[in-house]
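Working notes, structure below.
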Amino acid sequence: LGNYGTKKKGLEFMDPVLKSSCPQNEFLRYLHVGLLCVQEDASIRPTMSFVALMLKSDESTISLSTP
């Protein structure tokens, strides 16, 4: 999670309403993808096709970093 650090800190961003319907690891993956998309340097942001791939892939089959 980059500057956001630990899993615990990432979960602080999770809306309490989601806690019963969204697995924590899935939320953290979505948060990570979102953070990749808003990096200050646009040249290191993932492409939209890679974002779509990251969002629909099983987390164990793809690295959550820019290609």
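Of the listed requirements (1) assigned to a helix (DSSP H, G or I); (2) at pLDDT 90 or above, S60 misses just one: (2). Taking interchain pairs and intrachain pairs at least six residues apart, which have beta carbon atoms under 9 angstrom, with the first residue in region 1-25 and under 18 Å from M54 (Cβ atoms) and open to solvent by less than 90 Å² (accessible area, probe 1.4 Å) and the second in a loop (DSSP other than H, G, I, E, B) and at pLDDT below 90? Taking only residues 6 or more apart or on different chains, the pairs are G10/L1.
The values are calculated or read from the model by the stated rules, or taken from the named source; none is laboratory data. Everything numeric in this text was worked out from a predicted model, so none of it was measured. We place every Cβ from the backbone using ideal geometry, glycine too, and count neighbours over all the protein chains shown. Just so you know, the surface numbers come from the protein's heavy atoms only, side chains and all, with ligands and any DNA or RNA stripped out. Shrake-Rupley method; radii C 1.70, N 1.55, O 1.52, S 1.80 Å.
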